[in-house]
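A.B. asks: My structure is below; once you've seen it, I'll send some questions.
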Amino acid sequence: MSDKSRIKSVRTHKSVVRALATESASPPAAKMVKAIRVHELGGPEVLKWEDVEVGEPKEGEVRVKNKAIGLNFVDVYFRKGVYKAATVPYTPGVEACGVVTAVGPGLTGRQVGDLVAYAGQPMGSYAEEQILPANRIVPVPPSIDPTVAASLLLKGMTAQFLLRSCFKVEPGHTVLVHAAAGGVGSLLCQWANALGATVIGTVSTKEKAAQAKEDGCHHVIIYKEEDFVARVKEITSDNGVEVVYDSVGKDTFEGSLACLKTRGYMVSFGQSSGAPDPVPLSTIAVKSLFLTRPRLFNYAVTRDELLEMAGEVFGNVQSGVLRVRVNHTYPLSQAAQAHEDLENRKTSGSVVLIP
C-alpha cells in the first residue's frame, strides 16, 4: 500500500471513529406524546389536542406516564386568565397519578415502575407523559386506585389545610360549606363531620343534596329554593357559624359574612361564580371577623409538609374517613367538554381525565 493510500485509510478510520463517538454522545431523540395545549386565553375551546415533545429527565427529575389526571377549578382560572400562567402557550393541569418511566442521573429513592402522584407545581399534567421534579411527587399506597389518587391529592390536601391549619375545626364547631357536593366540598363535609363538627352544606339541586347528606352534612340547603342566610340563622338559633368555607365567590360572599358569628372565620378559597365585590372593612369590623384567601402552595412549601399532608389524606381514605366520589371521567382529548361541564355546574364530586 502506498503512503498516500495509508494516509487516506487512517483519515477514513479517524472519521468513522469521530462519527461513532459523536453518535454515541448525542442525547436521545425526544419522545412525542399527546397533550392539551393553550395558545390563547378564553373559553373551553382554547384547549387544543396536540403532539408535544417530552425529553429525558435531568438531575433531580423523573419522567411519569400519567394513568389519570385530576380536573380542578384552578385549571379554569388559568385558562381564563384569572391566574396567570408563566408562559403562553402552556400545558394546563396541576394534578395527576402515573408510573415512573425514567429517572434522572444520580437520583435515589425513586425508581422506574413506582406509582406516584403529584399536586400543585409545576403545571403540565394534561399530557400522556411529563417531566416532574422528584421532590414534588409522593408515593401512592397500593390499595389506592390511580383514578382515585388523581382525583384526590389536590382536593384532599386542600381540605386538609383548610380544616387543620387555616382554621382548626374542633368538636362542637358549626361550619358552613358552599358547593358541598363538589370535589373539595365533598371531602370537607366528610372530614369536618369526622372531626366532630356540625356541618351545614349548600348545593344547587335535590340530587346534590342527597349526596351531601351521604357525605356527612347534618343540614343541607338548596340555595336555589331557600335563602341560605335565613336558613343558617334558623339552624344556629341566630348564633351563626364559626367558619365558612366558600369556593363560590361573588354569588355567596356577602351572605357568607352574614352567616358568621362574632370573631368568625371567612375562608374564601375559590370564585367559581366570579370575584366578590369589594367589602368595606367596616363590614368585617362589626363582628370582628377574620377574612383569609389561602392557597395550598403556601401550606405545602417543603417536602416534609407535602409528605405529611399527602400521608394524612391517603390515610383517611384507607381508614374509611374519606370516600372519594369520581363521578365523571373524560378522555384527555375531550378536556374542553369536561371544562364546559364543570363551569356549567353539571358535575358533582371529582372529575378525572384519562390519557
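A.B. asks: Could you check segment 307-319 and list, in sequence order, the residues that are open to solvent by 60 Å² or more (accessible area, probe 1.4 Å) and free of Cβ contacts under 8 Å to residues at least 24 places away in the same chain?
C.D. replies: Matches in segment 307-319: Glu308, Ser319.
A.B. asks: Name the single residue, out of those in segment 93-106 being assigned to a strand (DSSP E or B) and of a type in the set (A, V, I, L, M), that is surrounded by the fewest Cβ atoms within 10 Å (Cβ to Cβ).
C.D. replies: Val99
A.B. asks: Given (1) crowded, with 17+ Cβ neighbours inside 10 Å; (2) within 25 Å of Pro331 (Cβ to Cβ); (3) of a type in the set (Val, Ile, Thr), where does Val138 come up short, assuming only one miss?
C.D. replies: For Val138, the exception is condition (2).
A.B. asks: Among what's in segment 320-355 and is under 16 Å from Arg37 (Cα atoms) and free of Cβ contacts under 8 Å to residues at least 60 places away in the same chain, pick the residue that is most open to solvent (accessible area, probe 1.4 Å).
C.D. replies: The selected residue is Gln334.
A.B. asks: Which residue is farthest from Gly201 (Cα to Cα), if the candidates are limited to segment 239-290 and must be within 27 Å of the chain's Cα centre (by Cα) and of a type in the set (Val, Ile, Thr)?
C.D. replies: Among those that are within 27 Å of the chain's Cα centre (by Cα) and of a type in the set (Val, Ile, Thr), it is Val267.
A.B. asks: Is there a residue being in contact with a strand residue (DSSP E or B) (Cβ under 9 Å, 6 or more places away or on another chain) and among the basic types (Lys, Arg) anywhere in segment 225-239?
C.D. replies: yes
A.B. asks: Which one of these is assigned to a strand (DSSP E or B) and closer than 19 Å to Val169 by Cα: Val232, Val243?
C.D. replies: Criteria check complete, one pass: Val243.
A.B. asks: Check whether at least one residue in segment 153-165 is in a loop (DSSP other than H, G, I, E, B), modelled with pLDDT of 95 or more and of a type in the set (Lys, Arg), and report yes or no.
C.D. replies: There is no residue in segment 153-165 that is in a loop (DSSP other than H, G, I, E, B), modelled with pLDDT of 95 or more and of a type in the set (Lys, Arg).
Residue by residue, here is whether (1) open to solvent by less than 20 Å² (accessible area, probe 1.4 Å); (2) touching a residue at least 40 places away in the same chain (Cβ under 8 Å); (3) assigned to a strand (DSSP E or B); (4) more than 20 Å from Phe73 (Cα to Cα) holds:
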| site | (1), (2), (3), (4) |
| --- | --- |
| Pro142 | no, no, no, yes |
| Gly172 | no, no, no, yes |
| Val184 | no, yes, no, no |
| Gly196 | no, no, no, yes |
| Glu207 | no, yes, no, yes |
| Ala210 | no, no, no, yes |
| Lys224 | no, no, no, yes |
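A.B. asks: Also: Can we say Gly201 is of a type in the set (Gly, Ala, Ser), out of contact with any Pro (no Cβ under 8 Å at 6 or more places or on another chain), in contact (Cβ under 8 Å) with a residue 24 or more places away in the chain and assigned to a strand (DSSP E or B)?
C.D. replies: So Gly201 fits the description; yes.
A.B. asks: Output the residues belonging to segment 41-92 that are surrounded by fewer than 16 Cβ atoms within 10 Å (Cβ to Cβ) and assigned to a strand (DSSP E or B).
C.D. replies: Selection gives Lys48, Trp49, Glu50, Asp51, Glu53.
A.B. asks: I'm trying to understand the selection: among the residues of segment 107-122, which are assigned to a loop (DSSP other than H, G, I, E, B), open to solvent by less than 50 Å² (accessible area, probe 1.4 Å) and either closer than 22 Å to Thr91 by Cβ or in contact with a Lys or Arg (Cβ under 6 Å, 6 or more places away or on another chain) (or both)?
C.D. replies: Result: Gly120, Pro122.
A.B. asks: Here's a follow-up. Which residue, of Pro92, Pro44, Pro57, is under 17 Å from the mean Cα position of the chain (by Cα) and modelled with pLDDT of 95 or more?
C.D. replies: Just one listed residue meets the conditions, Pro92.
A.B. asks: Taking the stated definitions as given, is Ala150 aliphatic (A, V, I, L, M), in contact (Cβ under 8 Å) with a residue 12 or more places away in the chain, more than 15 Å from Ile69 (Cβ to Cβ) and buried (at least 24 other Cβ atoms within 10 Å of the Cβ)?
C.D. replies: For Ala150, the condition - aliphatic (A, V, I, L, M), in contact (Cβ under 8 Å) with a residue 12 or more places away in the chain, more than 15 Å from Ile69 (Cβ to Cβ) and buried (at least 24 other Cβ atoms within 10 Å of the Cβ) - is not met.
A.B. asks: Filter segment 264-306 down to residues that are among the hydroxyl-bearing types (Ser, Thr, Tyr), modelled with pLDDT of 95 or more and open to solvent by less than 60 Å² (accessible area, probe 1.4 Å) and give me whichever is nearest to Thr158 (Cα to Cα).
C.D. replies: Ser268
The values are calculated or read from the model by the stated rules, or taken from the named source; none is laboratory data. These numbers were taken from a predicted model, which means no experiment stands behind them. Methodologically, a virtual Cβ is constructed for each residue, glycine included, from the backbone with ideal geometry; neighbour enumeration extends over all protein chains shown. Surface accessibility is based on the protein's heavy atoms, side chains included, excluding ligands, DNA and RNA. Shrake-Rupley method; radii C 1.70, N 1.55, O 1.52, S 1.80 Å.
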